[in-house]
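Asker: Here's a structure for you.
The values are calculated or read from the model by the stated rules, or taken from the named source; none is laboratory data. What you are looking at is a predicted structure, and each value in this text was computed from that prediction instead of being measured. With ideal geometry, Cβ positions are generated from the backbone for all residues, glycine too; neighbour counts draw on all protein chains shown.
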Number of protein chains: 2
Amino acid sequence: MWDKLFERLASAVVRDGLLVMHMPDGSTRRFGNGVGPSAEMTVHDPDLLRRIVRNPDLGLGEGYMDRAYSLRDDDVAGFLALLMVNVGKGRGEAWRFPISRLQRVLGRLEQIAPAHRSRQNVAHHYDLSGDLYRLFLDADQQYSCAYFRSPDDTLEQAQAQKKAHIAGKLLLQPGMRVLDIGCGWGGMALTLARDYGARVLGVTLSEEQHAVATARVAEAGLSDRVEIRLQDYRKVNGQFDRIVSVGMFEHVGLPHYGEYFSKVRDLLPPDGVALIHTIGRTLPPGRTSPWITKYIFPGGYVPALSEVTPVIESVGLIPTDIEIWRLHYAETLLHWRRRFEANIARVRTLYDDRFCRMWRYYLAASEMTFRHNGQCVFQFQLARDQRAVPLTRDYLYRGNAIG
Amino acid sequence: MWDKLFERLASAVVRDGLLVMHMPDGSTRRFGNGVGPSAEMTVHDPDLLRRIVRNPDLGLGEGYMDRAYSLRDDDVAGFLALLMVNVGKGRGEAWRFPISRLQRVLGRLEQIAPAHRSRQNVAHHYDLSGDLYRLFLDADQQYSCAYFRSPDDTLEQAQAQKKAHIAGKLLLQPGMRVLDIGCGWGGMALTLARDYGARVLGVTLSEEQHAVATARVAEAGLSDRVEIRLQDYRKVNGQFDRIVSVGMFEHVGLPHYGEYFSKVRDLLPPDGVALIHTIGRTLPPGRTSPWITKYIFPGGYVPALSEVTPVIESVGLIPTDIEIWRLHYAETLLHWRRRFEANIARVRTLYDDRFCRMWRYYLAASEMTFRHNGQCVFQFQLARDQRAVPLTRDYLYRGNAIG
């Protein structure tokens with residue numbers, strides 16, 4: 001039965017490109033029209049087909065981690081590109097529909113988590129060895145989408161441009177008080193303090209990030225202007241001229257959006273400005289990959305615009321600009337993946353084979369979701385007063401003719 | 001009873017500023033704290049209070065048209081500024097809540113109109129004497145929000161900048177086929193053909209606009225590149241590299257959004273780009289002013305972002321940029337109102353006193369809604385493929401350092 005169901009699923013999904021499968025019984029099957037990306041898969045575990053049919057996303061991800069199948073040249077990126085190109089065109093949707101409906105409901109329930117779960121969720125990912133992140137991120141450890149003004153930009157350039165672009169949207173003046181919600185390893189806080197004269201409070205729930213960021217602040221001699229706290233953003237009080245939050249909203253979860261934006265509003269003075277940078281989707285709302293939420297980001301949720309806009313309206317914030325970055329994260333992830341593979345020997349000294357395969361799959365799957373399956377980045381610039389931001393966006397692009 | 005209810009309503013709404021009211025019985029009442037805008041009103045018709053209590057928006061608008069009250073210096077703009085400053089801060093909302101809920105439901109029902117109603121609705125406004133529009137618009141007759149890159153821009157400059165900004169977002173190449181949905185008096189179509197080498201089909205449901213635009217095309221010697229049709233956009237077939245629609249979406253009505261965006265998607269090739277420019281609101285969804293829909297734009301509806309984003313997602317279009325113009329329309333309307341008042345003697349040769357007061361009220365109320373009560377302009381740049389638009393918005397601002 002699973003064999004037949006798998007055949008139907010694979011035929012429904014893989015139409016463009018070519019998937020060659022070598023089965024445990026010695027047979028070979030082919031799916032697709034042969035035009036486009038191709039991949040060759042050898043199935044080792046006969047139970048794999050059942051696992052894929054029951055939950056394609058989880059079955060494929062775990063199957064790769066467990067070596068239930070292998071890929072020609074171990075090209076997991078090419079394999080996932082082949083799948084995402086087809087899924088991105090809506091293939092197999094009729095087949096997936098009943099399952100994905102149920103998964104969406106379950107996904108919602110999972111996200112109604114008590115507050116203490118946030119810290120566990122964060123620890124799961126961000127308290128991994130700092131060495132791991134240093135082996136694929138840039139030197140500033142920007143663990144969010146870079147901004148490629150030219151396709152030839154290095155990752156370092158693109159990450160610096162990301163911070164500069166966000167700083168531009170924050171309309172900073174020296175001495176302004178800035179809150180950085182989810183400050184990571186402190187790169188944004190350091191830049192805003194050093195290059196823009198801001199006084200920054202950065203909050204994170206990751207002990208590893210808190211320790212690293214605090215050390216970096218001291219090393220940079222900016223302890224008088226930057227404070228890093230191990231604190232839930234909901235516990236922050238006071239007023240901040242500017243609020244920035246990069247790559248943290250993905251962890252908030254749909255049931256908490258109201259709480260999140262209410263807190264942002266409450267922390268802003270009447271002429272305040274906030275910039276929320278988050279992964280999003282241009283597709284209608286759907287469940288975030290079960291494999292990603294199980295292994296990479298527990299509690300994570302990738303919102304559609306239609307899930308964010310009603311909440312922004314309801315708390316009385318004014319969206320003064322909504323930028324939609326497409327493909328920047330695909331390019332960022334490609335850079336990360338190349339660095340990760342270049343350093344794979346050193347990663348193996350930190351983690352076992354299953355973890356290494358998990359991480360490779362994570363980077364490749366994320367890249368291909370941005371490249372082919374409706375994922376993007378939203379930058380919401382928000383204000384309480386429409387006069388807090390200039391009438392045109394010219395101020396963001398002033399150096400253009402020179403730069 | 002009406003007197004007491006009016007007292008409660010006025011006290012709940014007018015907190016900032018000062019409203020002095022001279023009542024028919026000779027008494028004088030004062031509302032507000034005296035800080036901010038002020039207005040002085042003399043009530044002539046004792047029934048006015050009842051009309052305002054039952055439907056504040058309609059009662060005030062019709063009362064002004066009917067001279068049921070008069071204002072010091074006939075300063076309707078100042079009077080409406082006083083009201084909108086307070087309404088924009090949520091004053092009187094508890095009082096208005098039950099009524100506004102009912103009005104929203106009624107508003108939805110009104111908009112489920114058969115297709116032939118569209119033409120009647122358009123005729124109501126756009127088939128007014130072309131002379132009227134010439135007495136307050138710029139020479140190019142741009143009847144939509146201008147784009148002020150500097151507060152000192154003339155209306156002519158700001159309208160030219162609006163067209164250039166939109167042309168930039170359309171990423172035009174000479175020879176491209178462009179559809180202009182709701183082409184008005186043809187100014188955009190002429191500009192795109194003359195300055196960008198586009199081949200343009202403009203459609204309008206207004207006979208007056210169709211006649212004027214067609215004559216302008218012939219006069220400009222562009223009949224080989226611009227066609228103006230008296231046609232419903234839903235009847236247009238074929239494919240267009242670019243679609244532009246400025247100030248037309250306001251007339252579509254919420255129940256027809258799916259039809260509208262589906263049509264836009266169907267008319268675009270895979271690498272096509274559309275730019276939809278519409279009045280919107282940064283507040284949660286609400287009913288468009290009953291006075292405006294009764295006297296100015298029957299069938300009109302001002303959307304919140306949360307009403308548009310789910311539809312864009314559901315038809316499979318990708319929002320590649322969402323710009324939110326604040327205050328530009330307030331400035332545009334101020335220009336229009338000044339020109340209208342400067343030409344009021346000539347308007348009076350075309351229309352009676354009640355029409356002139358209606359138009360003055362319309363321009364002033366619209367301006368103050370943009371200035372103080374959550375109205376804005378949305379520009380949705382939409383594509384079918386995320387690669388149809390450059391990765392950054394730099395291309396829109398290239399001339400900045402020079403310009």
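Asker: Would you say residue A:139 is hydrophobic (A, V, I, L, M, F, W, C) and outside any loop (DSSP other than H, G, I, E, B)?
Answerer: Values: hydrophobic (A, V, I, L, M, F, W, C): yes; outside any loop (DSSP other than H, G, I, E, B): no.
Considered against the rule, which asks whether it is hydrophobic (A, V, I, L, M, F, W, C) and outside any loop (DSSP other than H, G, I, E, B), residue A:139 comes out as no.
Asker: Now, a different point. May I ask you to say which residue of B:137, B:132, B:171 is more than 19 Å from residue B:363 (Cβ to Cβ) and either of a type in the set (A, V, I, L, M, F, W, C) or touching a Gly at 6+ places or on another chain (Cβ under 6 Å) (or both)? Give the derivation first.
Answerer: On the way: B:137 fails: more than 19 Å from residue B:363 (Cβ to Cβ); B:132 fails: more than 19 Å from residue B:363 (Cβ to Cβ).
Answer to the selection: B:171.
Asker: Now, a different point. Here are some residues: B:86, B:33, B:55. Which one is surrounded by fewer than 20 Cβ atoms within 10 Å (Cβ to Cβ) and within 28 Å of the chain's Cα centre (by Cα)? Give the steps one after another, and end with the answer.
Answerer: Numbers: B:86 fails: surrounded by fewer than 20 Cβ atoms within 10 Å (Cβ to Cβ); B:33 fails: within 28 Å of the chain's Cα centre (by Cα).
B:55 is the lone residue from the list that is surrounded by fewer than 20 Cβ atoms within 10 Å (Cβ to Cβ) and within 28 Å of the chain's Cα centre (by Cα).
Asker: Could you tell me which numbered condition residue A:32 fails, if it satisfies all but one of (1) of a type outside the set (A, V, I, L, M); (2) farther than 27 Å from residue A:353 by Cβ; (3) out of contact with any Ser or Thr (no Cβ under 9 Å at 6 or more places or on another chain)?
Answerer: Residue A:32 satisfies every listed condition except (3).
Asker: Of (1) among the aliphatic types (A, V, I, L, M); (2) within 12 Å of the chain's Cα centre (by Cα); (3) surrounded by fewer than 21 Cβ atoms within 10 Å (Cβ to Cβ), residue A:334 satisfies all except one. Which?
Answerer: (2)
Asker: Let me ask something else about it. Quick one: in region B:218-253, of everything that is of a type in the set (Asp, Glu) and touching a residue at least 24 places away in the same chain (Cβ under 8 Å), which residue is farthest from residue B:144 (Cα to Cα)? Outline the logic, then answer.
Answerer: At the first step, the residues of region B:218-253 found to be of a type in the set (Asp, Glu) are B:219, B:224, B:227, B:232, B:241, B:250.
Imposing the further condition that a residue be touching a residue at least 24 places away in the same chain (Cβ under 8 Å) reduces the set to B:227, B:232, B:241, B:250.
On the way: B:227: 21, B:232: 20, B:241: 23, B:250: 11 Å.
Only one residue fits best here, namely B:241.
Asker: Tally time: how many residues in region B:133-174 are under 16 Å from residue B:277 (Cβ atoms) and within 14 Å of chain A (Cβ to nearest Cβ)?
Answerer: Total satisfying the criteria: 12.
Asker: Residues to consider are A:189, A:215; find the one that is part of a helix (DSSP H, G or I) and without any contact (Cβ under 8 Å) to a residue 12 or more places away in the chain. Break it down stepwise before answering.
Answerer: Details: A:189 fails: without any contact (Cβ under 8 Å) to a residue 12 or more places away in the chain.
Checking each option against the conditions leaves just A:215.
Asker: Looking at (1) at pLDDT below 95; (2) of a type outside the set (S, T, N, Q); (3) not in a helix (DSSP H, G or I), which one does residue A:295 not meet, given that it meets all the others?
Answerer: (3)
Asker: Having 3 or more residues that are not hydrophobic (A, V, I, L, M, F, W, C) is the bar; report the strands (runs of 3 or more DSSP E) wholly within region A:10-86 that clear it. Before you say what the answer is, go through the steps one by one.
Answerer: On the way: elements: A:18-22, A:28-31, A:38-43, A:69-71.
By residue number, A:28-31, A:38-43.
Asker: Continuing with the same structure: Name, by its number, the condition in (1) more than 10 Å from chain B (Cβ to nearest Cβ); (2) at pLDDT below 95 that does not hold for residue A:398.
Answerer: Of the numbered conditions (1) more than 10 Å from chain B (Cβ to nearest Cβ); (2) at pLDDT below 95, the odd one out for residue A:398 is (1).
Asker: Another question, then. Counting only residues that are more than 10 Å from chain A (Cβ to nearest Cβ) and surrounded by fewer than 23 Cβ atoms within 10 Å (Cβ to Cβ), which one in region B:376-389 is farthest from the chain's Cα centre (by Cα)?
Answerer: Here the residue is B:384.
Asker: Then there is this: For region B:36-46, name all the residues that are surrounded by fewer than 16 Cβ atoms within 10 Å (Cβ to Cβ) and either touching a His at 6+ places or on another chain (Cβ under 7 Å) or modelled with pLDDT of 95 or more (or both). Write out each step before concluding.
Answerer: Kept after step one, since they are surrounded by fewer than 16 Cβ atoms within 10 Å (Cβ to Cβ), are these residues of region B:36-46: B:36, B:42, B:44-46.
Those that are surrounded by fewer than 16 Cβ atoms within 10 Å (Cβ to Cβ) and either touching a His at 6+ places or on another chain (Cβ under 7 Å) or modelled with pLDDT of 95 or more (or both): B:42, B:44, B:45.
Asker: Filtering region A:292-308 down to residues that are within 13 Å of another protein chain (Cβ to nearest Cβ) and not aliphatic (A, V, I, L, M), which residue is nearest to residue A:277 (Cα to Cα)?
Answerer: Among those residues, the one meeting the criterion is A:303.
Asker: To continue, here is another question. Being touching a strand residue (DSSP E or B) at 6+ places or on another chain (Cβ under 6 Å) and within 18 Å of residue B:248 (Cβ to Cβ), is that true of even one residue in region B:305-312? I'd like the intermediate steps shown before the answer.
Answerer: Narrowing region B:305-312 to residues touching a strand residue (DSSP E or B) at 6+ places or on another chain (Cβ under 6 Å): B:312.
Checking the rest, the ones that are also within 18 Å of residue B:248 (Cβ to Cβ) come to B:312.
Yes, the conditions are met somewhere in region B:305-312.
Asker: Same structure again: Any residue at all in region B:313-325 that is closer than 19 Å to residue A:304 by Cβ, of a type in the set (Gly, Ala, Ser), under 15 Å from the mean Cα position of the chain (by Cα) and at pLDDT 95 or above?
Answerer: The initial filter retains those residues of region B:313-325 that are closer than 19 Å to residue A:304 by Cβ, namely B:313-322, B:324.
Filter again for of a type in the set (Gly, Ala, Ser), leaving B:314, B:316.
Those still in the list that are under 15 Å from the mean Cα position of the chain (by Cα) too: none.
No; the residues of region B:313-325 include none that is closer than 19 Å to residue A:304 by Cβ, of a type in the set (Gly, Ala, Ser), under 15 Å from the mean Cα position of the chain (by Cα) and at pLDDT 95 or above.
Asker: Another question, then. Look through region A:228-264, keep the residues that are of a type in the set (D, E, K, R) and touching a strand residue (DSSP E or B) at 6+ places or on another chain (Cβ under 8 Å), and return whichever of them is surrounded by the most Cβ atoms within 10 Å (Cβ to Cβ). Steps first, please.
Answerer: The first filter runs over region A:228-264 and keeps only residues of a type in the set (D, E, K, R), leaving A:229, A:232, A:234-235, A:241-242, A:250, A:259, A:263.
Those left that are additionally touching a strand residue (DSSP E or B) at 6+ places or on another chain (Cβ under 8 Å): A:229, A:232, A:241-242, A:250.
Numbers: A:229: 16, A:232: 16, A:241: 21, A:242: 25, A:250: 19.
Looking at the filtered set, the residue picked out is A:242.
Asker: Also, quick follow-up: Scan region B:363-373 and tell me whether some residue there is charged (D, E, K, R), without any contact (Cβ under 8 Å) to a residue 40 or more places away in the chain and within 10 Å of chain A (Cβ to nearest Cβ). Let's see the steps before the verdict.
Answerer: Initially, region B:363-373 is screened for residues charged (D, E, K, R), giving B:367, B:371.
Filter once more, so that each one left must be without any contact (Cβ under 8 Å) to a residue 40 or more places away in the chain: none.
Within region B:363-373, none of the residues are charged (D, E, K, R), without any contact (Cβ under 8 Å) to a residue 40 or more places away in the chain and within 10 Å of chain A (Cβ to nearest Cβ).
Asker: Something else about it: Any idea how many residues of region A:274-316 are aliphatic (A, V, I, L, M), surrounded by fewer than 22 Cβ atoms within 10 Å (Cβ to Cβ) and farther than 20 Å from residue A:327 by Cβ?
Answerer: The total comes to 3.
Asker: Output the number of residues of region A:309-358 satisfying the condition of being away from chain B (no Cβ under 14 Å), free of Cβ contacts under 8 Å to residues at least 40 places away in the same chain and in contact with a helix residue (DSSP H, G or I) (Cβ under 7 Å, 6 or more places away or on another chain).
Answerer: Final tally of qualifying residues: 4.
Asker: Mind listing whichever residues of region A:192-212 are touching a residue at least 40 places away in the same chain (Cβ under 8 Å) and more than 18 Å from residue A:231 (Cα to Cα)? Steps first, answer last, please.
Answerer: Step one: filter region A:192-212 for residues touching a residue at least 40 places away in the same chain (Cβ under 8 Å), giving A:192, A:198, A:204-209, A:212.
Hits for region A:192-212 are A:192, A:198.
Asker: Still on this structure: Would you check if residue B:306 is touching a helix residue (DSSP H, G or I) at 6+ places or on another chain (Cβ under 6 Å), assigned by TED's automatic domain parsing to the domain that holds residue B:188 and farther than 23 Å from residue B:168 by Cα?
Answerer: Working: touching a helix residue (DSSP H, G or I) at 6+ places or on another chain (Cβ under 6 Å): yes; assigned by TED's automatic domain parsing to the domain that holds residue B:188: yes; farther than 23 Å from residue B:168 by Cα: yes.
Yes: the conditions hold for residue B:306.
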